[in-house]
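Inspection log for the structure reproduced underneath, given as structure tokens.
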Amino acid sequence: SPWPQSPTGMAASRLVKKGVVVVASIGNSGDTGLYSAGAPGLGDSVIGVASFDNTHVSLASFTISPDNTGIGYAPASGAPLPPSAGSQEMARTGTSASTADGCSALPAGSLTGKVALIRRGSCTFYTKAINAQNAGAVGVVLYNNSPGRFSGTVTGSPAITIPVVSVSDAEGKLIDSRLANGPVTMTWTEQQGTFLNPTGGLISSFSSYGLSPDLTLKPDIGAPGGLIHSTYPLEKGGYATLSGTSMASPHVAGSVALLLQAKPKTKPADVRGILQNTAVPKPWWGNPRLGFLDNVHRQGAGMVQIDKAILTSTSVEPAKLSLGDGIGPIGQTLSIRNNGAKAITYDLSHAPALSTGPNTFSVTFNTGFATADFSAASVTVPAGEKVKLTVTITPSADLADRSIYGGYLVFTPQGGGQTLRVPYAGFKGNYKSIQALAPTQYGFPWLAKNTADGYEQQAAGAAYTLQGDDLPTLLYHLDLQSRTMRVDVKDAAGKTYTVATQQYVERNSSANGFFSVNWDGKYMDARQVEQTLPDGSYQLVISVLKATGSPDTAADWEHWSSPMFTIARP
């Protein structure tokens, strides 16, 4: 669920209040756009963890002719494990510039006895693998279409019966260039090698974006989760290189265990703050050399630094700032606590991070940096005391409305020592201006019928029998999470009956995706008892409450009414 109020998010936060530190993955839905983080990592008191790619990767390897260059690979799930010996000739199905390599059927027998080299992109890994298998290939090597490595699955029907592995873009281009100049033979080995990962230390491509639907800053922190060498079922080899925020959160859980071992009296509510204060934000994955920090609403406070968390004797509260929406200056009060034996003087500064544009599903990256004005340029905190200061953060006037911005408030000790940071993020403009029930290129919402050929849109006067699949069906798209969604039905006289109500609703995962709901002619009365309406003319109404809306404010609701239709049971 994409809401902190989900059952798992609420239960996890209650555990924290009971004295348990809860660490949870933030999710692997980065490819679906903004507001894609999930519960329980979204829980208010939970440490929600993003994933960074590993700096190195431990992989099995094969070699290629003529010089036996080693190529590290990751086996795709859903395919047989590669052999540990044997040589085959390789063949390419496209070039390093192909955008849809292997996505169409290949000539029968064109890959007989060969291992196919296929570039990632435009279709599923399964489609590429089954096309190569049908053309006679005895194996498939998939290579990335962007810097770095990846793990894939080729699960499907009919099953893939040949080994399928993935390699980096650089290794794929190397093999491709050799194939362009002549034959290449690859040899499977039983060797395990350690290979440098070009995206090491950067946010993982799959790691979910915040903010939370209520504009709380999430994720909280990150850890290595991309391309982690880990244990695996023995029947599948015992070890594998895996990726996911499920690989990152255990690193943070382990960090928490070490912190509690060193400082056993630390309260669960303070653990997250210590980890965030001492984390280190990383540069933007798109081009690290530009020097821009990656989005706060994707990496949180940055990479966890357990040694610094244990050694620090000072902390800043709150450890993160959720600024909400608006276009004007936002004032915040911070407290610096010094539990050390000596006074510390901190110089205060600001490190802005990249923002993201208004489109939820097609994420764009911009500068448009906010400004941060402190009440003083530096502050001295005596030993054993706490000092307060204020900061005013102002979104950039040049940043497009509905963008999400962020950055870091930096506390640098004079004379050396542990630098502390506080991440912040906010929404520029009016968050409620986002239309949740947004029309797509298909013009949703629809009144529809479910036919043998799929859904068909219906005009006024459509008739339904309520037999089998012949039910009034609503197709609708949500651009953003909704606090409440309600479906009502109106009869010809205008009387309204509630069909269904759902709280904390998720958004669609793509710009043209849709949800569907059927009406079976029934409704819930005031006693929450199901009743049946007679034959006649009706209209279905979808009502959506905006994510931060008030149920008592009419302007916070969106409504759509279907054409009138007829119920005529046989």
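Evaluate the relative contact order of the chain (contact order divided by residue number), counting alpha-carbon pairs under 8 angstrom at least 6 apart; express in whole percent. Intermediate values should be presented prior to the final figure.
On the way: 1541 pairs, mean separation 68.4, N = 570.
The normalised contact order for the chain reaches 12 percent.
A simple packing score, the average count of other Cβ atoms within 10 Å per residue, orders the peptides 523-530, 404-411, 161-168 as 404-411, 161-168, 523-530, with the highest score first.
The portion of the accessible surface of the chain made up by carbon and sulfur, rounded to a whole percent, is 52 (1.4 Å probe; DNA, RNA and ligands excluded). Based on DSSP H segments of at least four residues, each scored -39500 (n - 2.57), the chain has a per-residue ellipticity at 222 nm of -3500 deg cm²/dmol.
What ranking do 26-32, 128-134 get when scored by the average of other Cβ atoms within 10 Å per residue, highest first? Please list the in-between numbers first.
Working: 26-32: 22.6, 128-134: 24.3.
The peptides rank, most packed first, as 128-134, 26-32.
Which of rounded, prolate, oblate describes the chain, given a ≥ b ≥ c as roots of the alpha-carbon gyration tensor eigenvalues and a/c under 1.5 marking rounded, otherwise prolate only if a/b is larger than b/c? Verdict is oblate for the chain.
If you take the Cα centroid of region 268-334 and the Cα centroid of region 527-570, the two points sit 43 Å apart. Take each peptide in 241-248, 456-463, 95-102, 206-213, count the other Cβ atoms within 10 Å of every residue, and average; sorted highest first, the result is 206-213, 241-248, 95-102, 456-463. Simple rule: put +1 on each Lys or Arg Cβ and -1 on each Asp or Glu Cβ in the chain, find the dipole, and look at Ala309, Leu142, Met564; the Cα lying farthest toward the positive end is Ala309. Here r is the Cβ-Cβ distance between Thr345 and Met564 and R0 is 56 Å; the resulting FRET efficiency, rounded to 0.05, is 0.15.
Whole angstrom only: what separates the Cα centroid of region 135-196 from the Cα centroid of region 379-447? Cα centroid to Cα centroid, the span is 41 Å.
For a straight C-alpha distance cut-off of 28 angstrom, the lysines reachable from Lys495 (same-chain residues fewer than eight places away being disregarded) are Lys449, Lys522, Lys546. For the chain, the membrane-span-like helices by this rule, meaning whole DSSP H stretches whose C-alpha atoms cover at least 24 Å of axis and whose Kyte-Doolittle mean is -1.0 or above, are 245-262; this says nothing about an actual membrane.
Taking only protein heavy atoms and a 1.4 Å probe, what accessible area per residue, in Å², does the chain have with all protein chains in place?
Working: 24160 Å² over 570 residues.
Dividing the accessible area of the chain by its residue count gives 42 Å².
Say the cut-off is 26 Å between C-alpha atoms; which of Lys267/Lys432; Lys386/Lys432; Lys17/Lys428; Lys18/Lys263 go over it?
On the way: Lys267/Lys432 36 Å; Lys386/Lys432 38 Å; Lys17/Lys428 32 Å; Lys18/Lys263 18 Å.
Too far apart for the 26 Å limit: Lys267/Lys432; Lys386/Lys432; Lys17/Lys428.
The values are calculated or read from the model by the stated rules, or taken from the named source; none is laboratory data. Treat the numbers as computed from the prediction; the structure is a model and nothing was measured. Neighbour counts are summed over all protein chains in view; Cβ atoms, including those assigned to glycine, are modelled from backbone coordinates with ideal geometry. Just the protein is used for accessible areas: all its heavy atoms, side chains included, with ligands, DNA and RNA removed. Shrake-Rupley method; radii C 1.70, N 1.55, O 1.52, S 1.80 Å.
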